[in-house]
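S.K.: Structure in structure tokens, see below.
What follows draws every value from the coordinates through simple rules; no lab data is involved. None of these values were measured; they are calculated from a predicted model. All Cβ positions, even for glycine, are placed from backbone atoms using ideal geometry, and neighbour counts span all protein chains on display.
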Amino acid sequence: MSKTSDYLIALDDGHGIGTAGKRTPYIPSLGRQIRENEFNAAVTFYLKEELERCGFKTLLTAPTDYDTPLIMRTNLANSMGADILISNHFNAMDGEFDGPGRDPEGMSIHIYPGAKNGRRLAEHVAKFLRQGTKQQFRGIVEQNLHMTREFNRAAVLIENGFMDNEREALLMLNESYQRECAREQAQGVCDYFRVAYVPGDVKAPVKTVEAPKTEVKGEYVSNEVFGKRVESIYKGSEGLDFYSKPTFSNRYRVGTLKYGYGFPTIVKKLKVEGAYMYEVKNSRGHKYYVTAADEFVKVEGASSKPKSNPEAKPKTNGQRAIGEIKIVNVNNAAIVQDRPDRKTSKNLGTVGKGKAIQVTGSVRGENSSSGYWEVVYNGKRGFVTGEYGKYTAY
Ligand SMILES: [Zn+2]
């Protein structure tokens with residue numbers, strides 16, 4: 001019997017938090033729309049916990065807040081040699097609530113047409129979802145989708161319900177539903193690899209072959225860069241590693257940052273294994289650790305000159321565009337804000353309807369259900385309301 005640690009599981013949370021279109025209709029009882037990625041990211045986070053508890057290694061295909069292009073997701077999973085890939089989504093039909101009993105409902109598992117291992121994985125996962133959740137099971141569906149087609153090995157894309165079914169839409173924010181989906185998917189993965197599932201309330205058995213487990217801990221250095229954005233300035237094609245724990249050990253590596261990609265919030269700086277790391281958070285509040293070495297990363301607003309120099313100007317030209325948006329859904333022009341909050345921002349200017357502007361990513365921000373595009377405006381960082389931009393990746 002093989003060890004779970006022999007396997008690397010690629011986990012893909014469909015879309016990005018600011019992806020246009022991917023959201024429920026307005027829900028009166030909630031007072032807002034729910035973005036598909038809110039569910040996808042949550043279930044992926046719990047699935048990662050489940051699988052790691054069972055001893056698997058995991059890889060997040062889209063760990064940053066950007067709407068990571070699909071090709072980058074599958075390239076990453078393939079290049080890391082992941083054994084299987086699981087992509088979580090929430091389905092949509094006509095984008096409207098038609099009233100109880102009139103909307104489509106249930107979950108489905110999508111595989112590439114004719115994929116044998118994909119089907120086998122889907123069957124194992126389906127078994128646990130069907131006996132677990134109360135959701136109607138719509139079946140294993142053969143469909144030509146990027147994630148299942150371009151990943152080299154067994155891949156499943158799970159639609160966990162319908163965003164335009166009001167009852168199911170509310171399940172998207174239901175933590176016990178998120179956890180249940182993650183748990184049953186993990187049980188299916190264990191079944192597929194014929195390894196024992198380790199339930200959450202039972203301690204994982206101590207692995208005798210490994211060195212005694214020491215607590216992975218960094219030493220606090222400072223929080224002077226608290227709240228700032230940090231991004232990779234490393235140009236190597238393999239990207240910059242980041243970790244789920246304060247360590248440089250491969251065991252806790254969860255993904256890589258390409259040049260120009262990063263995290264919106266630094267929590268603190270730590271001394272780790274003789275070097276420095278930043279503890280960072282993504283916009284969903286998940287914590288990661290990345291090197292703080294200034295040949296590899298850059299902190300927003302940081303100067304290369306000593307901090308005490310009041311003449312030092314913050315850098316504004318280090319942004320890297322990943323694509324562009326065309327301005328849509330406005331009468332004349334879209335406002336470019338200095339921060340991703342409609343209520344407290346200053347206007348930097350406007351971009352006319354139909355015009356294009358470069359984007360460096362998307363963020364959740366405040367007071368916009370569609371999030372915000374982070375744009376390059378006159379050489380400065382600016383923000384445009386998500387629904388006003390139609391995105392094209394470079
Ligand atoms: Zn989706």
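S.K.: Applying 1/(1 + (r/R0)^6) with R0 = 45 Å to the Cβ-Cβ distance of Lys353 and Lys3, what FRET efficiency is obtained, to the nearest 0.05?
M.R.: Taking R0 as 45 Å, the efficiency between Lys353 and Lys3 is 0.20.
S.K.: Give me the number: length gained by fully extending Asn117 to Arg342, i.e. 0.36 nm times residue separation minus the C-alpha to C-alpha distance, one decimal in nm.
M.R.: Value of the extension gain: 76.2 nm.
S.K.: Would you calculate the convex hull of the Cα atoms in the chain and tell me its volume per residue in Å³?
M.R.: 156 Å³
S.K.: Please give the Cα centre distance for the range 325-387 versus the range 104-130, rounded to the nearest Å.
M.R.: Their Cα centres are 39 Å away from one another.
S.K.: Just order 86-97, 363-374, 36-47 by mean Cβ neighbour count inside 10 Å, highest at the front, would you?
M.R.: On the way: 86-97: 20.7, 363-374: 22.2, 36-47: 24.5.
Per-residue Cβ counts within 10 Å, averaged per peptide and sorted highest first, yield 36-47, 363-374, 86-97.
S.K.: Tell me, what are the semi-axes, in whole angstrom and largest first, of the equivalent ellipsoid of the range 329-394 as set by the roots of 5 times the Cα gyration tensor eigenvalues?
M.R.: 15, 13, 13
S.K.: What is the set of long-range amide H partners of Val336 at a cut-off below 5 Å, with H atoms built 1.01 Å from backbone N?
M.R.: Leu348, Gly349, Thr350, Val351
S.K.: Please list, in chain and number order, the residues 5+ apart from Ala92 or on another chain whose amide H is under 5 Å from its amide H, with Hs placed from the backbone.
M.R.: Excluding prolines and chain starts, which carry no amide H, the hits are Met163.
S.K.: Averaged over every viewing direction, what's the projected area of the C-alpha convex hull for the range 137-203? Give it in nm², one decimal, please. Numbers along the way, then the final one.
M.R.: Values: hull surface 25.4 nm².
Mean shadow area of the hull around the Cα atoms is 6.4 nm².
S.K.: Using a Gaussian network model on the chain with a 10 Å cutoff between Cα atoms, which of Asp83, Asp12, Asp67 fluctuates the most?
M.R.: Taking springs between Cα atoms under 10 Å, the residue moving most is Asp83.
S.K.: In addition: Using Cα pairs under 8 angstrom and six or more residues apart, how large is the relative contact order of the range 4-193, in percent?
M.R.: Relative contact order here is 29 percent.
S.K.: Rounded to the nearest 0.05, what FRET efficiency do Asn174 and Ser79 give with R0 = 35 Å and r taken as the Cβ-Cβ distance? Could you check?
M.R.: E between Asn174 and Ser79, to the nearest 0.05, is 0.50.
S.K.: How much length, in nm to one decimal, is gained on full extension between Lys281 and Lys127, taken as 0.36 nm per residue of separation minus their Cα-Cα distance?
M.R.: Computed gain between Lys281 and Lys127 is 51.9 nm.
S.K.: Now, a different point. So how long is each side of the range 219-299 along the principal axes, counting just the alpha-carbon atoms, biggest first, in Å?
M.R.: Here the spans come out as 31, 25, 24 Å, largest first.
S.K.: Under a 10 Å cutoff between Cα atoms, tell me which one of Gly188, Gly260, Gly200 has the largest fluctuation in the Gaussian network model of the chain.
M.R.: Gly200
S.K.: Can you give the relative contact order of the range 252-292 as a percent, counting alpha carbon pairs under 8 Å and 6+ residues apart?
M.R.: Rounded, it is 30 percent for the range 252-292.
S.K.: Sticking with this one: Work out the FRET efficiency for Val221 and Lys134 from their Cβ-Cβ distance, taking R0 = 45 Å, and round it to the nearest 0.05. Let's see the in-between values first.
M.R.: Values: r = 49 Å, r/R0 = 1.09.
The computed FRET efficiency comes out at 0.40.
S.K.: A 25 angstrom limit on the alpha carbon distance is what I want to check against. Which of Lys48/Lys127; Lys245/Lys390; Lys268/Lys343 exceed it? Could the numbers behind the result be given before it?
M.R.: Numbers: Lys48/Lys127 20 Å; Lys245/Lys390 36 Å; Lys268/Lys343 28 Å.
Result: Lys245/Lys390; Lys268/Lys343 exceed 25 Å.
S.K.: Stretch Glu273-Ala333 to full length: gain in nm at 0.36 nm per residue minus the Cα-Cα span?
M.R.: 16.5 nm
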